[in-house]
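**Student:** First, the structure itself, so that you have it in front of you.
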Amino acid sequence: GGWAEVDRAWTRGALTTEQVLHPEKWVSGEAAIEVEAPTFAALGEGYVRASVDTHGELGLRLVLEAAMPHARATEVASGWGGDRSVVVRRAATAALAWRVRRDDDASAERAFHAISAAFARGRACSDERAAPTGVTRKGRDVLLLVGPPGSSCALLAAWSREVL
């Protein structure tokens, strides 16, 4: 496209990591899907929001690479549509909710199974660690929860219902 395309790139607005990884999505104008920050009332009183962030397809891929080979992480991250995470704290305790919206149902199903296998031992919830980890899917949304240390899968299930 020459310099005209370069000029368009500077005036077009925000660029997502998905568009960097898949330039055809930038060319077609596929924007990130807005995702609301997860709520956290189910955790109980005293928790405050420490951070809210959007990680993008690249952020998702990098997290997945900690638990699976690069090629598999790349495959699972592809199909990202938007995301939002929240870290909450109470005293020295923290918890995480990361809601990832996928482009379609098939991508959501693949991501749900891969993320469950990587972070919850293939189940909806694993409390075999100091902080239980849960993965839930509803429609195109996949939700990864890391509960406060010592919490239960029942608490994560209530938190998941609240968010989704």
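**Student:** Based on what the data block shows, is Val146 open to solvent by 40 Å² or more (accessible area, probe 1.4 Å) and either polar (S, T, N, Q) or on the phi < 0 side of the Ramachandran plot (or both)?
**Tutor:** Numbers: open to solvent by 40 Å² or more (accessible area, probe 1.4 Å): yes; either polar (S, T, N, Q) or on the phi < 0 side of the Ramachandran plot (or both): yes.
Criteria met by Val146.
**Student:** Being in contact with a Phe, Trp or Tyr (Cβ under 8 Å, 6 or more places away or on another chain) and open to solvent by less than 20 Å² (accessible area, probe 1.4 Å) is the filter; apply it to segment 63-106 and report the residue that is farthest from Ala42 (Cα to Cα).
**Tutor:** Arg102
**Student:** Restricting to segment 31-55, count the residues that are more than 14 Å from Ala94 (Cα to Cα) and touching a Gly at 6+ places or on another chain (Cβ under 9 Å).
**Tutor:** Looking only at that region, the number is 7.
**Student:** If a residue has to be more than 15 Å from the chain's Cα centre (by Cα) and at pLDDT 95 or above to count, how many in segment 76-92 make the cut?
**Tutor:** 3
This table checks each residue for (1) exposed (fewer than 12 other Cβ atoms within 10 Å of the Cβ); (2) over 30 Å from Ser160 (Cα atoms).
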residue	(1), (2)
Gly1	yes, yes
Trp26	no, yes
Ile33	no, no
Phe40	no, no
Val48	yes, no
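**Student:** Hey, another quick one. Inspect all residues belonging to segment 112-124 and state whether any of them is aliphatic (A, V, I, L, M), assigned to a strand (DSSP E or B) and in contact with a helix residue (DSSP H, G or I) (Cβ under 6 Å, 6 or more places away or on another chain).
**Tutor:** First, the residues of segment 112-124 that are aliphatic (A, V, I, L, M): 114-115, 117-118, 120, 124.
The next check asks that each one be assigned to a strand (DSSP E or B); those that pass are none.
There is no residue in segment 112-124 that is aliphatic (A, V, I, L, M), assigned to a strand (DSSP E or B) and in contact with a helix residue (DSSP H, G or I) (Cβ under 6 Å, 6 or more places away or on another chain).
The values are calculated or read from the model by the stated rules, or taken from the named source; none is laboratory data. Everything numeric in this text was worked out from a predicted model, so none of it was measured. A quick note on method: Cβ atoms are made from the backbone with ideal geometry, for glycine too, and the neighbour counts reach across all protein chains shown. We work out accessible area using only protein heavy atoms, side chains counted, and drop any ligands, DNA or RNA first. Shrake-Rupley method; radii C 1.70, N 1.55, O 1.52, S 1.80 Å.
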